[in-house]
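Report on the following structure.
The values are calculated or read from the model by the stated rules, or taken from the named source; none is laboratory data. Predicted, not measured: the structure shown is a model, and the values here were computed from it. Positions of Cβ are backbone-derived with ideal geometry, glycine not excepted, and every protein chain shown enters the neighbour counts.
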């Protein structure tokens, strides 16, 4: 028979984990305040820092007097920054907040959980989108919101009307010769709106999905 006067088992101490930047902390309380999270990770005085929680999708600013629910298992993830402006950006329309005027490509990839099979692309209004290269540092605007999206790392282009899958990026003419399997000594042409452009040695070309390339024998017509 159950003892009506027995007490429920107490929560195991230190069983609620969190990571603030790269510092691991544990709590007995499953609902610590933002101020407690910062202080436990060594960010004191807490009112000199901004605390941002990484959510399952997006991120959110945590005030000092706000309680944050922690769970057993996977530690909650937070970012602490010296107090200042909070910068806004989106990845695939999901909103994120950040405490610095710049963010590294690997940080963007981590906070937005971007797969290694995808690349990050920054949108610039009417200007062409920019593929963010590995290790690149991206500036965030103090006003407004920067917008990013993810795209497959591999794209399909055509060489002599045959589809070829290659990684996005900027390539020299010589690199494209190798990637597209152009015969040694042949020229490489790119279909433009105004006709065929022969790519010069050392010229850099940003490859886009659907680009049409044609090989050409020296002194002859393209294939």
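Side notes on the structure shown:
- For the condition assigned to a strand (DSSP E or B), at negative phi and surrounded by 15 or more Cβ atoms within 10 Å (Cβ to Cβ), residue 170 does not qualify.
- Looking at 156, 150, 145, just one residue is out of contact with any helix residue (DSSP H, G or I) (no Cβ under 7 Å at 6 or more places or on another chain) and over 19 Å from residue 107 (Cβ atoms), and that residue is 156.
- In the stretch 16-52, the residue that is modelled with the lowest pLDDT out of those that are surrounded by fewer than 20 Cβ atoms within 10 Å (Cβ to Cβ) and under 22 Å from the mean Cα position of the chain (by Cα) is 22.
- Considering 181, 210, the condition of being outside the structural domain of residue 116 (by TED's automatic domain parsing), out of contact with any helix residue (DSSP H, G or I) (no Cβ under 8 Å at 6 or more places or on another chain), modelled with pLDDT of 95 or more and within 19 Å of residue 128 (Cβ to Cβ) is satisfied by 210 alone.
- Scope the stretch 53-62; condition surrounded by fewer than 16 Cβ atoms within 10 Å (Cβ to Cβ) and either modelled with pLDDT of 95 or more or not in a loop (DSSP other than H, G, I, E, B) (or both); matching residues: 60, 61
- Any hit, the stretch 5-14, residues being modelled with pLDDT under 95 and touching a strand residue (DSSP E or B) at 6+ places or on another chain (Cβ under 7 Å): yes
- Apart from one condition, residue 80 fits all of (1) assigned to a strand (DSSP E or B); (2) more than 20 Å from residue 38 (Cα to Cα); (3) over 18 Å from the mean Cα position of the chain (by Cα); the exception is (2).
- Scanning the stretch 143-167 for residues that are over 27 Å from residue 114 (Cα atoms), part of a loop (DSSP other than H, G, I, E, B) and out of contact with any strand residue (DSSP E or B) (no Cβ under 7 Å at 6 or more places or on another chain) yields a single hit, 161.
- Looking only at the stretch 99-158, and only at residues there that are without any contact (Cβ under 8 Å) to a residue 24 or more places away in the chain and at positive phi, the one that is surrounded by the fewest Cβ atoms within 10 Å (Cβ to Cβ): 125
- Selection count where residues are crowded, with 16+ Cβ neighbours inside 10 Å and either assigned by TED's automatic domain parsing to the domain that holds residue 142 or over 27 Å from residue 148 (Cα atoms) (or both), scope the stretch 67-80: 2
- In this structure, residue 205 does not qualify as in contact with a strand residue (DSSP E or B) (Cβ under 8 Å, 6 or more places away or on another chain), surrounded by fewer than 17 Cβ atoms within 10 Å (Cβ to Cβ) and part of a strand (DSSP E or B).
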